[in-house]
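J.: Here's a structure for you.
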Amino acid sequence: MVIEEIQGDFMQQFIKQLAKDNDFKSTSLLSILRAIQTRYFHIPKEAIEQLAELLNIPRTQIQNVIAFYSFFHFEPRGKYDILISSSITDLMVGQEELINYFSEKLDVKIGEVRADSVVSLNNTSCTGMCDQSLAGLVNGYAITKLTKARIDEIVENVNKQLPLEKWSRDLFDVQDNIIKPDLLLNQKPTQGEAINATFARGLMETLNEVEKSGLRGRGGAGYTTAWKWKFCHEENADQRYIVCNADEGEPGTFKDRVLLNSYADSVFEGMTVAAAIIGATQGFIYLRGEYLHLYEKLEAILAARRNANLLGKNILQHGFDFDIEICLGAGAYICGEESALIESLEGKAGIPRNRPPYPVVSGYLNKPTSVNNVETFLAAANIAIHGGEWFANLGTAKSKGTKVLSISGDCAKVGIYEYAFGTTIQTILNDCGASDVLGVQVGGPSGTFISNDEFERKIAFEDLATGGSFIVFNNSRNILDIVHNFSHFFAHESCGFCTPCRVGTSLLKKQVDKIVEGHGSAGDIVALEELCQLIKNYSHCGLGQTAANPVLTTLERYPELYQSMLKKISYEPGFDLDKSLETARRMAHRDDAHAHLAQVED
Amino acid sequence: MTNKKVKVATTSLAGCFGCHMSFLDLDERLVELVEHVQFDRSPLTDIEHCSTDCDIGLIEGGVCNSENVHTLREFRKNCKILVAVGACAINGGLPAMRNHISLEDCLNEAYRDGLGVENAQIPSDVELPLLLDKVHPIHEVVKIDYFLPGCPPSADVFWKFLTDLLAGREPSLPYELVHFD
Amino acid sequence: MSKTIVIDGKVIPFEDGQTIIQAATAAGVYIPHLCHNPKFTPNGSCKLCTVKVNGRNCSACTFPASEGQNITNISEELNDDREKITQMLFVEGNHFCPSCEKTGNCNLQAVAYHLGMTDNHFPHFFENREVDASHPDVMIDHNRCIFCTLCVRASQQEDGKNVFAISGRGIEKRLVVNSESGLLKDSDLDVNDCAAHICPTGAILIKRTGYNVPIGQRIFDHAHIDTVALAAEGASHDE
């Protein structure tokens, strides 16, 4: 049926309609490709040609987008495309065993499509469900808490070719797991409250309140929000944009998922307030593809807000127009970087731009654009209501207010916790019921691994900055397994634009593998560190600049652990010598002593 | 320069002996060289194995089979300074261009399916070294101290490098002597 | 009084809007680079032109010159790191200089010479990459592509076409050709296009011109890339 469609005019009609529905805008490329991928399980070559013409863009731009994003494919995936998260927290609940079980039961190899085209299976980067591991995606929709029993159920559904709507809802159940709400999470403002408060006080006066609040970007980088808005506002331009960065891809973080599930109105209100202040009439929420399950709900909330005149023309009679569009990502961690996100919004591969100019000067379609985190908007909405002081009363000198953390890993109560900045790691560990702790990964793989000697350190920009990821490891865990997982993650997610990150993260992956697998020798730690410094110091953007952090932060704390992995020899090859003879042995039918090589000299 | 002669060993792994030929281009300078240098294991001497106290090992060619690995290890074990000589030793060179093709295809083409192959069979004599999946530069198998690029490095490169070492200087090549071709 | 920056202690004038490398080139100061060409919008991807601006690493080809910048261009640290970045490019692709037509005239090779690189240091990837010899006059050897995007930019900005693009993510990146078949012969590339001649390595070659120049007379046989680049790019900048 599908094959006949491709051969016939149906696909042409479908794509033509898609393009028309998107006003033939090339900025809608990702959304159009998502629709094609969903329907045809890949992007057929004919579709690329047709789209290039309809959208008036080179076919190479479309090819690049398909090749760049993990969720687009040139070759068909199965009718049921199953992806299993390979985040460290998934590995901690036995991801490897479970995906192999899945593979066996489905009779499909990992990474491949079953011969009958019904199902395909693969690994994927963290899906933002570390509080309900093992997690995955079926045709883009989140599935959680996978066990052998739940896998059996999925296998049965797949083999019966049961439509997704008829699968047990329980498989798709995503819990909020809000364990410890504080300042922000306890607020339930009424619709329009922040907007009205903003206009009542005055736009610039509200900007002053945001400045007074000391609010800094919650994505992790911590740029002062009021300054971003101010610069954006001051740029001379006929249009400005406000963008909500909901691409939380840092392994271990899932707080934006919860904020959008349960606080979306406030987030949208924060965006609206920001738009009024900077003078934007259009906003975007860039929602990571992994959060497809939130899409319809968010669309419904936006529709309700339009009905209530909280969006649209002349919002609440304040003479201000603004609307918000949801744009879905398609599997690329780099799009959390603001300029890569903007490229992605424009329908391109997410490659970070050169700076300057900064997005506040030249962002989306080269217009001034303020990109802020979901949590930043939530905080801003509440600051607009309660004033800057209300917020600044909490926190430290340089880090005001609270921070929402996503806590996962080895603790009794995984989930969402909100803390005033300045809270110690020990307090947090006590609250979440962690014992026998080896260390904590604060801020995800790009952050810092802290050992159990450092639990008096604080969550704060001036000490341990974090976008919200907080992964606890107990003493049964092996630090090198963690580093191994993170190094593979970065090599997979590097956009490949600059040499040090493109080549460096792949070299780093190999070098970490060599040491972890026990093939390291005397010079290998020096080589490892040298490579890390090179990637850190010369990479184009934050991804590369932090990609070596897992190694650097653990090497600093556990040098003896790394040393213990080394053989007491001066050098060992980085590839398996004996394995390298395998083909020759097989073809020559030999297995004598001379047909083998020791990895190191006797 | 000291009175005791410096022991130099040389070999060609997956190479074409072009680097050795280039070495011989030292011509009359060879006479001066042997004043200070004694050749140990080398195709020039026919000595089969390295003495345990070699000073300098010059390796031409990359590593393409099990015998290359053994030879390279013998050199590393017995030479104080090991030098990768020429493009093949440094990056695999021309032999490494087979790395694009699977070893299975290579062997099949050469011994089974290729044009004009008679009595098709993959050689399996235990005396024959087995081929590695890929051809590797020698620094991926043992630790290397110096690299002399070139295909081949000119006689002047050998001369400059060895005279620097013999004089106790850190070897350094002027711009015109560094080339990758 | 014109505005100035300081590079390695030398006071260098600049005009507003100039990048560091533009100001440096105009003043006869060479900063190593591969993806930069003054004719085209800067790209900033190869990272060889990284300099220290008031202690912080910046790409000289994209970073604007501004008053008060104290810049380090030549130091042992920068030189060593640039060498390693070059070595990364060598192990990523398959660069067998002795069998490459571009040898002796290749910027990648010449930068390596300039930096004193004698080996590739890192383990090789030995990726399997294709050759596209379909076009009657021009060929692409993907083994040698370093993703500098010079051909992409030249085609767009000089030739008024759009023949090339870089596609894919991370280490999987590849140069692609804008034609339905993906082959160069089906694109609108002409042998006289700037894009056909701009490649800094041997990835895009003009057929039947290999080895025309004897060894000893090739661009980099005797001249350093700094001299060659300053002569070429200083001149094009003055135009």
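Where a number appears in this text, it was derived from the coordinates with a stated rule and is not lab data. As the structure is a prediction and not an experimental result, all values here were calculated from the model. Positions of Cβ are generated from backbone atoms using ideal geometry, with glycine treated the same way; all protein chains shown enter the neighbour counts.
J.: Treating only the Cβ of Lys, Arg, Asp and Glu as charged (+1, +1, -1, -1), what charge dipole size does chain A show about its Cα centre? Round to the nearest 20 debye. Numbers along the way, then the final one.
T.: Numbers: 57 positive and 77 negative charges, 196 e Å.
So the dipole magnitude of chain A works out to roughly 940 debye.
J.: Return the Rg/Rh ratio of region A:179-392 with Cα-based radii and a Kirkwood Rh.
T.: Details: Rg = 15.6 Å, Rh = 16.8 Å.
Rounded to two decimals, Rg over Rh is 0.93.
J.: Then there is this: Would you mind checking the radius of gyration and Dmax of chain B based on alpha-carbon positions, in Å?
T.: Values for chain B (Cα only, Rg and Dmax): 17.7, 58 Å.
J.: While we're looking at this one, here's another question. Give the list, by residue number, of cysteines in chain A with no other Cys Cβ closer than 4.7 Å, or say none.
T.: Cysteines lacking a close Cβ partner in chain A: A:Cys126, A:Cys130, A:Cys232, A:Cys244, A:Cys327, A:Cys335, A:Cys495, A:Cys498, A:Cys501, A:Cys532, A:Cys541.
J.: Given an 8 Å cut-off on Cα distances and at least 6 residues of separation, report the relative contact order of chain B as a percent. Intermediate values should be presented prior to the final figure.
T.: Values: 338 pairs, mean separation 45.7, N = 181.
The normalised contact order for chain B reaches 25 percent.
J.: While we're here: What are the GluC sites (Glu not before Pro) within region B:1-95 that DSSP puts in a loop, where the Cβ has at most 10 other Cβ atoms within 10 Å?
T.: Details: sites: B:Glu28, B:Glu32, B:Glu35, B:Glu48, B:Glu60, B:Glu67, B:Glu74; in loops: B:Glu28, B:Glu48.
Counting only loop positions with at most 10 other Cβ atoms within 10 Å, the GluC sites (Glu not before Pro) in region B:1-95 are B:Glu28, B:Glu48.
J.: Cα axis of helix C:76-92 to longest principal axis of chain C: angle in degrees, 0 to 90, nearest 10?
T.: Approximately 10 degrees, to the nearest 10.
J.: Please compute the Cα-Cα pair-distance distribution of region A:17-59 with 10 Å bins starting at 0, giving whole percents from short to long.
T.: Taking all Cα pairs of region A:17-59, the binned fractions are 32, 62, 6 percent.
J.: How high is the relative contact order of chain A? Use alpha-carbon pairs under 8 Å, at least six apart in sequence, and give a whole percent.
T.: On the way: 1167 pairs, mean separation 77.3, N = 602.
Relative contact order here is 13 percent.
J.: For each pair in B:Lys4/B:Lys77; A:Lys514/C:Lys102; A:Lys413/A:Lys510; A:Lys20/A:Lys348; A:Lys509/A:Lys567; A:Lys255/A:Lys398, compute the distance between the two Cα atoms and list the pairs where it is over 24 Å. Numbers along the way, then the final one.
T.: Values: B:Lys4/B:Lys77 21 Å; A:Lys514/C:Lys102 35 Å; A:Lys413/A:Lys510 35 Å; A:Lys20/A:Lys348 19 Å; A:Lys509/A:Lys567 19 Å; A:Lys255/A:Lys398 22 Å.
Flagged as over cut-off: A:Lys514/C:Lys102; A:Lys413/A:Lys510.
J.: Right, here's the next one. What's the whole-number percent of alpha carbon pairs in region A:326-389 lying beyond 12 angstrom?
T.: Working: 1418 of 2016 pairs.
Of all Cα-Cα distances in region A:326-389, 70 percent exceed 12 Å.
J.: Still on this model: Assign one of three labels to region A:193-241, namely rounded, prolate or oblate, based on the Cα gyration tensor with a ≥ b ≥ c the square roots of its eigenvalues; rounded applies when a/c is under 1.5, prolate when it is not and a/b is larger than b/c, and oblate otherwise. Please list the in-between numbers first.
T.: Details: a/c = 1.92, a/b = 1.09, b/c = 1.76.
Cα axes put region A:193-241 in the oblate bin.
J.: Classify chain A as rounded, prolate or oblate from the Cα gyration tensor: take a ≥ b ≥ c as the square roots of its eigenvalues, call it rounded if a/c is under 1.5, otherwise prolate when a/b beats b/c and oblate if not. Don't skip to the end; give the middle numbers.
T.: Working: a/c = 1.72, a/b = 1.25, b/c = 1.38.
In terms of gyration-tensor shape, oblate.
J.: Using modelled amide H (1.01 Å from N, peptide plane; none on Pro or chain starts), what sits under 5 Å from the amide H of A:Leu134, excluding residues fewer than 5 places away?
T.: A:Lys145, A:Leu146
J.: Strictly greater than 18 Å: what percent of every Cα pair in region C:143-190 meets that? Before the final figure, lay out the partial values.
T.: Details: 320 of 1128 pairs.
Percentage above 18 Å: 28.
J.: In nm, to one decimal, how far is the modelled label at C:His224 from the one at A:Ala397, with both set 7 Å along Cα→Cβ?
T.: With each label point 7 Å from Cα toward Cβ, the separation is 4.9 nm.
J.: I want the local charge near A:Ala330. Using Cβ-Cβ distances under 11 Å, sum +1 for each Lys or Arg and -1 for each Asp or Glu among the other residues. Display every interim value, and only then the final one.
T.: Working: positive: A:Arg34, A:Arg288; negative: A:Asp247, A:Glu290.
Summing Lys and Arg as +1 and Asp and Glu as -1 gives 0.
J.: Mind ranking A:87-94, C:168-175, A:308-315 by how tightly packed they are, going by the mean number of other C-beta atoms within 10 angstrom, highest first?
T.: On the way: A:87-94: 23.0, C:168-175: 20.2, A:308-315: 16.5.
Going from most to least packed, we get A:87-94, C:168-175, A:308-315.
J.: Taking +1 at the Cβ of each Lys and Arg and -1 at the Cβ of each Asp and Glu, which of A:Gly94, A:Leu134, A:Gln317 sits farthest along the dipole of chain A towards its positive end, judged by Cα position relative to the Cα centre?
T.: A:Gln317
J.: Related question: In peptide A:568-578, how many Cβ atoms from other protein chains are near each Cβ within 10 Å, on average? Don't jump to the answer; show the numbers that get you there.
T.: Working: counts 0, 1, 3, 7, 3, 8, 5, 7, 1, 7, 1.
Across A:568-578, the average partner-chain Cβ count within 10 Å equals 4.
J.: Taking 2.2 N^0.38 Å as the expected size of a compact globular protein, what ratio does the Cα radius of gyration of region B:116-181 give against it, to two decimals?
T.: Values: Rg = 19.0 Å, N = 66, 2.2 N^0.38 = 10.8 Å.
Normalised Cα radius of gyration, region B:116-181: 1.76.
J.: Kindly express, to the nearest 10 degrees and within the range 0 to 90, the angle between helix B:155-166's C-alpha long axis and the longest C-alpha principal axis of chain B.
T.: 50 degrees
J.: In addition: So what does the Cα-only Debye profile of chain C read at q = 0.08 Å⁻¹, as log10 I(q)/I(0), no solvent term?
T.: -0.31
J.: I've got another one for you. Rounded to the nearest 500 deg cm²/dmol, what is the calculated helix-only ellipticity per residue at 222 nm for chain B, with -39500 (n - 2.57) per DSSP H run of length n ≥ 4?
T.: Working: 6 runs with 52 residues, N = 181.
Theoretical 222 nm ellipticity from helices: -8000 deg cm²/dmol.
J.: If you don't mind, another one. If a/c stays under 1.5 just call it rounded; otherwise compare a/b with b/c (prolate if a/b is bigger, oblate if not). Do that for region A:80-175, with a ≥ b ≥ c from the square roots of the Cα gyration tensor eigenvalues.
T.: Taking the square roots of the gyration eigenvalues as a ≥ b ≥ c, region A:80-175 is oblate.
J.: Another one. Among DSSP beta bridges whose residues both lie in the protein assembly as shown, state the antiparallel percentage, nearest 5.
T.: Working: 51 of 100 bridges.
Approximately 50 percent, going by the DSSP bridge assignments.
J.: Further question: Which far-off residues, 5 or more places away or on another chain, put their amide H under 5 Å from the one on B:Gln38, with H placed in the peptide plane?
T.: B:Val6, B:Lys7, B:Val8
J.: Same structure again: Would you work out which of A:Leu345, C:Ala223, C:Val11 lies farthest towards the positive end of the dipole of the protein assembly as shown, given +1 charges on the beta-carbon of Lys and Arg and -1 on that of Asp and Glu, about the Cα centre?
T.: Checking the options against the dipole of the protein assembly as shown, the answer is A:Leu345.
J.: Follow-up. Other chains' Cβ within 10 Å of A:502-515 residues: what's the mean? Write out the running numbers ahead of the final one.
T.: Working: counts 11, 14, 6, 2, 8, 9, 0, 1, 3, 2, 0, 0, 1, 0.
Averaged over the peptide's residues, the number is 4.
J.: A follow-up question, please. Can you pull a Stokes-Einstein diffusion coefficient for region A:332-468 at 37 °C (0.692 mPa s), Rh from Kirkwood over Cα pairs, as a whole number of µm²/s? Working shown, then result.
T.: Working: Rh = 17.0 Å.
It comes out at roughly 193 µm²/s.
J.: How much length is gained on full extension from A:Gln599 to A:Ala412, taking 0.36 nm per residue of separation minus their Cα-Cα distance?
T.: 62.9 nm
J.: Now for a separate question. Expressed as an acute angle from 0 to 90° and rounded to the nearest 10, what is the orientation of the C-alpha long axis of helix A:292-307 relative to the principal long axis of chain A?
T.: 0 degrees
J.: While we're here: Convert 4 °C to kelvin, take the viscosity as 1.567 mPa s, use the Kirkwood radius over C-alpha pairs of the protein assembly as shown as Rh, and evaluate the Stokes-Einstein diffusion coefficient in µm²/s, rounded to a whole number. Mind showing how you got there, number by number?
T.: Numbers: Rh = 31.1 Å.
Reported coefficient: 42 µm²/s.
J.: Among A:128-137, C:96-105, how do they line up from the highest to the lowest mean number of other beta-carbon atoms within 10 Å? Don't skip to the answer; put the middle values down first.
T.: Numbers: A:128-137: 26.6, C:96-105: 20.2.
For the peptides A:128-137, C:96-105, the packing ranking is A:128-137, C:96-105.
J.: While we're looking at this one, here's another question. Report the relative contact order of chain C, percent, no decimals, based on alpha-carbon pairs under 8 angstrom and at least 6 residues apart.
T.: Numbers: 417 pairs, mean separation 49.0, N = 239.
Worked out over chain C, it gives 21 percent.
J.: About its Cα centre, how strong a charge dipole does region A:402-477 have in debye, to the nearest 20, once Lys and Arg get +1 and Asp and Glu get -1 at the Cβ? Don't jump to the answer; show the numbers that get you there.
T.: Numbers: 5 positive and 9 negative charges, 39 e Å.
Rounded to the nearest 20 debye, it is 180 debye.
J.: Mean residue ellipticity at 222 nm from the helices of chain A, using -39,500 (n - 2.57) per DSSP H segment of n ≥ 4 over the full residue count, to the nearest 500 deg cm²/dmol? Don't skip to the end; give the middle numbers.
T.: On the way: 26 runs with 263 residues, N = 602.
Result for chain A, helices only: -13000 deg cm²/dmol.
J.: How large is the charge dipole for region A:80-175, taken about the Cα centre, if only the Cβ atoms of Lys, Arg (+1) and Asp, Glu (-1) carry charge, to the nearest 20 debye? Can you show the working numbers first?
T.: Values: 9 positive and 15 negative charges, 24 e Å.
The dipole magnitude comes to about 120 debye.
J.: Taking every residue in A:51-62, how many Cβ atoms of other protein chains lie within 10 Å of its Cβ, on average? Show your work: numbers first, answer last.
T.: On the way: counts 0, 2, 0, 0, 0, 0, 1, 7, 8, 13, 4, 1.
Per residue, the average neighbour count from other chains is 3.
J.: Something else now. Among A:Ser120, A:Ser28, A:Thr583, pick out the residue whose Cα is farthest towards the positive end of the charge dipole of the protein assembly as shown, where Lys and Arg carry +1 and Asp and Glu carry -1 on C-beta, about the Cα centre.
T.: Value computed over the given set: A:Ser28.
J.: For region A:266-406, what does the convex hull of the Cα positions come to per residue, in cubic angstrom? Walk me through the numbers before you get to the answer.
T.: Values: hull volume 18.8 nm³, N = 141.
It comes to 134 Å³ per residue, whole-number rounded.
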